[in-house]
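The structure is given below, and queries will be raised subsequently.
Coordinate-derived values only; no laboratory data. Source: prediction; values computed, not measured. Reconstructed Cβ throughout: ideal geometry from the backbone, glycine too, with neighbour counts over all protein chains shown.
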């Protein structure tokens, strides 16, 4: 299994053979472009998986690791986020989610 952590502004490639799996450990803001083949994308805590075919693009919006599996031999371009997510933005999002859950629980 390949593991990839890509920083802001970096670009990389994943070349996966059939049934190979790679993990993107810091996926928030990462852009995946399938340049050949087909890849199965599993995002942590998601109820659905996605399949990317050649020419399709997906921007990841979760912070939990993402698993990329080759359905057949595939190549993906991996572009890091434009900027690193701010720790403050993550904290603000967590507080907003907590407030929303609290409001729902009391309604």
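Hey, fewest Cβ within 10 Å first, where do 102, 36, 69 land in order? It would help to have the intermediate numbers written out before the result.
Numbers: 102 10, 36 14, 69 19.
Sorted ascending by nearby Cβ count, the order is 102, 36, 69.
Using Cβ counts within 10 Å as a stand-in for footprinting exposure, how do 104, 47 rank, fewest first?
Exposure proxy ranking, most exposed first: 47, 104.
If R0 is 35 Å, what FRET efficiency do you get for residue 104 and residue 35 from their C-beta distance, rounded to 0.05?
Between residue 104 and residue 35 the formula returns 0.25.
Let me ask something else about it. For the pair residue 82 and residue 19, what calculated FRET efficiency results from E = 1/(1 + (r/R0)^6), where r is the Cβ-Cβ distance and R0 = 41 Å, to the nearest 0.05?
After rounding, the FRET efficiency stands at 0.80.
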